[in-house]
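Q: First the structure, which I've put down as structure tokens, then a few questions once you've had a look.
The values are calculated or read from the model by the stated rules, or taken from the named source; none is laboratory data. Model, not experiment: these values are computed from the prediction. Positions of Cβ are backbone-derived with ideal geometry, glycine not excepted, and every protein chain shown enters the neighbour counts. Note: accessible area is taken over every heavy atom of the protein model, side chains too, but ligands, DNA and RNA are not part of it. Shrake-Rupley method; radii C 1.70, N 1.55, O 1.52, S 1.80 Å.
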Amino acid sequence: MHFEVPKVPMHSFKDFAKHYLMIVLSILTALGLEAWIEHTHHLHAAESASAQIDEELRATLADVRSSITTNEGRFRPMRELDTAIAKDIHDGLPTATINQHIQAHKDDFRLSLNWPAFASQAWDVAVANQSASWIDPAKLRQYSAAYADLRDASSWMTHDSTITLDAPHMSTLRTRINLGMQVDPVEYLAVLRQMINTAGETQSHLKQLEDHLVKAIPAEAGKAQG
């Protein structure tokens, strides 16, 4: 800030006091105006960042819900196949007969997971330009938790989602079945249940993520409470 001090003659202490008070008031007014402008800028930046983050999280939530619905449709045939083959085994049907049933439903013996892509550009920009620091602390904590959940879910999908699945064994069984060869029904059922468990864990993570995202988006949280 630059102040041009007026050059006026001062003939008494009263004149000096008036002149001094005018300078002080001018400085305080300028500082107050500058603080108000900075506050307004921060407020607008925070509102803009929040709007973009909300939009990004809503899009992610929609993708998560779409994946849950898609996966449920894909997993249903596997569960039905598990029930049918388990019944065949309990009923003591011959291996050849059970293999006929396996061949008839060979297309259902596959694990196809739908996993959404998680965007974080709006959050990354808000952190990079520091507008995130001007967002309301409570809302900021919700955003931070939501994106942390997204990172954790991505890490789980990348590293741990198939930890209980014997993928080479599954591939071998699929090859034998596709070639029309017989497989051991119990062995087949064991791998099928590994696939079902993996699918169930995936759905569980997606549903948990859905709940967390709903809490991070004010409008969605309002719908959930209503």
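Q: Could you do me a favour and compute the accessible area per residue for segment 144-201, 1.4 Å probe, result in Å²?
A: Normalised by residue count, the accessible surface of segment 144-201 is 54 Å².
Q: Here is a follow-up. How do 133, 155 stack up against each other in accessible area, from largest to smallest, with a 1.4 angstrom probe? It would help to have the intermediate numbers written out before the result.
A: On the way: 133 80, 155 55 Å².
In descending accessible area the options line up as 133, 155.
Q: Order these peptides, 87-100, 51-64, by their mean beta-carbon neighbour count within 10 angstrom, highest first.
A: Values: 87-100: 13.4, 51-64: 18.5.
For the peptides 87-100, 51-64, the packing ranking is 51-64, 87-100.
Q: On to the next question. Carbon and sulfur together cover what percent of the accessible area of segment 102-183 at a 1.4 Å probe radius?
A: Numbers: 2470 of 4830 Å².
In segment 102-183, the share of accessible area belonging to carbon and sulfur is 51 percent.
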